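Asker: Below is one structure. I have some questions about it.
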Amino acid sequence: MQYKVSIVIIARNEENAIAVCIKAAQNAADEIGGAEIFLADSASTDKTAEIAKSMGVCVLPLLTDWVLSASAGRFVGSHFAEGDFILFIDADTLVYKGFLPRAIAHLEANPKIAGVNGYLHDTDENGNVLNNIEKKFADVTNIDWLRGPCCFYRATALKAVGSFNPYLTSEEEAELGLRLYKNGWQLQILPFPMAHHTRCANEKNVTSIFVNYKRQFLARRLGGLTKSVGYAFKGGYGLIFCWTRLKTTILFSIWILIMLCGLMLPDFLFPKSIFTLSLLLGIAMVLVKKRSVFETFAFFVLKTLSILNLIVGIGQISFKSPNDYPLSKITPMKNP
């Protein structure tokens, strides 16, 4: 049976969350007459794939020695999906009923729109509500990229630009968004709820920041941000990518360089009064913006780690073609 919508869930070792995620997707699909549902499984070593198959989901197994990432999972899923539209969901995200009918109607009425988000309700791993992750708009609004935990794309738009880049492990949504815009497509956010993101990283909490970077380190993904920058420059939209996604990191880096000059240069070249003024001004600007000492401290930690992440990635820059990703070696698995 040919469905209008394909749903691609991405996961790795999510046996405790995958059933709830799939059930929410199935409930949402029932409102539109059903959907084909895939699980792009990044070499899970637990029961994630078995649970998915037991619920009627088609599993697309990625192998251990491949590049494994959210972007790779979406890339694989998009190539097996046969629907006119593709809903990508992370395993820690629960799509709401009511979103798909309205999103489909919007894309069908606006053929130049490549994809849409609705509002994500974000909570951290402890269930704390995170209210300031994304902006809320009263009307349909153009945006530069779609948030990854749950995003809805037109299949023809993805096919036209090559879908997600499977070799990216960071900022893949922004890189795809700029690629779509470069090819004449638009992305929008719709003013109604879309999904509940249950394990959102809290960038205003130092502990959450370090936990996130620990995960990146264990998954060998540190430096991935630099690779995304490289692909963006290769695609001809590097400056836009850097300014839209790395603006605060760039400004923070400039401030750090000024501070280092103040510490290293003699007083007649860089007076200590200017150094002190620059130091206090930088801290004050962040404090005024964040309005919290703890959030200000978290900002400095986050940006310092972001700079280190960029530096680590310099030696990792390479430009593999997505066409080289071993799609032909994937054998879909589904219970009879």
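The values are calculated or read from the model by the stated rules, or taken from the named source; none is laboratory data. Computed from a predicted model, the values in this text were never measured in an experiment. Note: ideal-geometry Cβ built from the backbone for every residue, glycine included; neighbour counts use all protein chains shown.
Asker: Take Phe99 and decide whether it is aromatic (Phe, Trp, Tyr), surrounded by 18 or more Cβ atoms within 10 Å (Cβ to Cβ) and in contact with a Cys (Cβ under 9 Å, 6 or more places away or on another chain). First the steps, then the outcome.
Answerer: Details: aromatic (Phe, Trp, Tyr): yes; surrounded by 18 or more Cβ atoms within 10 Å (Cβ to Cβ): yes; in contact with a Cys (Cβ under 9 Å, 6 or more places away or on another chain): yes.
Yes: the conditions hold for Phe99.
Asker: So, Leu178, is that one in contact (Cβ under 8 Å) with a residue 60 or more places away in the chain, part of a helix (DSSP H, G or I) and outside the structural domain of Ile240 (by TED's automatic domain parsing) or not? Reasoning before the result, please.
Answerer: Working: in contact (Cβ under 8 Å) with a residue 60 or more places away in the chain: yes; part of a helix (DSSP H, G or I): yes; outside the structural domain of Ile240 (by TED's automatic domain parsing): yes.
In short, yes.
Asker: Scan the range 46-79 for residues that are among the small types (Gly, Ala, Ser), within 19 Å of the chain's Cα centre (by Cα) and in a helix (DSSP H, G or I) and jot them down.
Answerer: Initial filter on the range 46-79 (among the small types (Gly, Ala, Ser)): 49, 52, 54, 56, 69-73, 77-78.
If we keep only those that are within 19 Å of the chain's Cα centre (by Cα) too, we end up with 69-73, 77-78.
Scanning the range 46-79 gives Ala70, Ser71, Ala72, Gly73, Gly77, Ser78.
Asker: Return the residue satisfying two criteria in turn: it lies in the range 174-232 and is in contact with an Asp or Glu (Cβ under 8 Å, 6 or more places away or on another chain) and charged (D, E, K, R), and of such residues it is nearest to Asn16 (Cα to Cα).
Answerer: Within the range 174-232, the match that is nearest to Asn16 (Cα to Cα) is Arg199.
Asker: Follow-up. Among the residues of the range 161-182, is any over 21 Å from Lys4 (Cα atoms) and surrounded by fewer than 17 Cβ atoms within 10 Å (Cβ to Cβ)?
Answerer: Among the residues of the range 161-182, at least one is over 21 Å from Lys4 (Cα atoms) and surrounded by fewer than 17 Cβ atoms within 10 Å (Cβ to Cβ), which makes the answer yes.
Asker: Taking the conditions exactly as written (surrounded by fewer than 11 Cβ atoms within 10 Å (Cβ to Cβ) and either among the hydroxyl-bearing types (Ser, Thr, Tyr) or modelled with pLDDT of 95 or more (or both)), does Thr198 satisfy them or not?
Answerer: On the way: surrounded by fewer than 11 Cβ atoms within 10 Å (Cβ to Cβ): no; either among the hydroxyl-bearing types (Ser, Thr, Tyr) or modelled with pLDDT of 95 or more (or both): yes.
In short, no.
Asker: Need a quick list: strands (runs of 3 or more DSSP E) entirely within the range 98-166 having at least 1 residues that are of a type in the set (S, T, N, Q).
Answerer: Numbers: elements: 113-123, 141-143, 150-154.
So the answer is 113-123, 141-143.
Asker: For Phe300, indicate whether it is farther than 30 Å from Ile37 by Cβ, surrounded by 12 or more Cβ atoms within 10 Å (Cβ to Cβ) and of a type in the set (Phe, Trp, Tyr). If you could, list the steps in order and put the result at the bottom.
Answerer: On the way: farther than 30 Å from Ile37 by Cβ: yes; surrounded by 12 or more Cβ atoms within 10 Å (Cβ to Cβ): yes; of a type in the set (Phe, Trp, Tyr): yes.
Taking the combined requirement at face value, the residue satisfies it.
Asker: Could you figure out which of (1) exposed (fewer than 11 other Cβ atoms within 10 Å of the Cβ); (2) touching a Gly at 6+ places or on another chain (Cβ under 8 Å) isn't true of Pro322?
Answerer: Pro322 satisfies all of (1) exposed (fewer than 11 other Cβ atoms within 10 Å of the Cβ); (2) touching a Gly at 6+ places or on another chain (Cβ under 8 Å) except (1).
Asker: State whether the residues of the range 40-56 include one that is out of contact with any strand residue (DSSP E or B) (no Cβ under 7 Å at 6 or more places or on another chain), touching a residue at least 40 places away in the same chain (Cβ under 8 Å) and surrounded by fewer than 24 Cβ atoms within 10 Å (Cβ to Cβ).
Answerer: yes
Asker: For Gly230, are the conditions met, namely being touching a residue at least 60 places away in the same chain (Cβ under 8 Å), under 20 Å from Ser71 (Cβ atoms) and touching a Leu at 6+ places or on another chain (Cβ under 9 Å)?
Answerer: So Gly230 does not fit the description; no.
Asker: For residues that are hydrophobic (A, V, I, L, M, F, W, C) and more than 23 Å from Phe319 (Cα to Cα), tally how many sit in the range 219-254.
Answerer: 4
Asker: Hey, can you tell me all the residues within the range 251-289 that are closer than 30 Å to Ile133 by Cβ and without any contact (Cβ under 8 Å) to a residue 12 or more places away in the chain?
Answerer: Leu251, Ile254, Leu257, Leu280, Leu281, Ala284, Met285, Leu287, Val288, Lys289
Asker: Here is a follow-up. If I filter the range 155-164 for residues that are charged (D, E, K, R), in the same structural domain as Ala81 (by TED's automatic domain parsing) and in contact with a helix residue (DSSP H, G or I) (Cβ under 7 Å, 6 or more places away or on another chain), do I get at least one hit?
Answerer: No: the range 155-164 contains no residue that is charged (D, E, K, R), in the same structural domain as Ala81 (by TED's automatic domain parsing) and in contact with a helix residue (DSSP H, G or I) (Cβ under 7 Å, 6 or more places away or on another chain).
Asker: Kindly indicate whether any position in the range 183-191 is at positive phi, over 13 Å from the mean Cα position of the chain (by Cα) and either outside any helix (DSSP H, G or I) or surrounded by fewer than 19 Cβ atoms within 10 Å (Cβ to Cβ) (or both).
Answerer: Initial filter on the range 183-191 (at positive phi): 184.
The next check asks that each one be over 13 Å from the mean Cα position of the chain (by Cα); those that pass are 184.
In the following step, the residues that additionally are either outside any helix (DSSP H, G or I) or surrounded by fewer than 19 Cβ atoms within 10 Å (Cβ to Cβ) (or both) were identified as 184.
Yes, the range 183-191 has at least one match.
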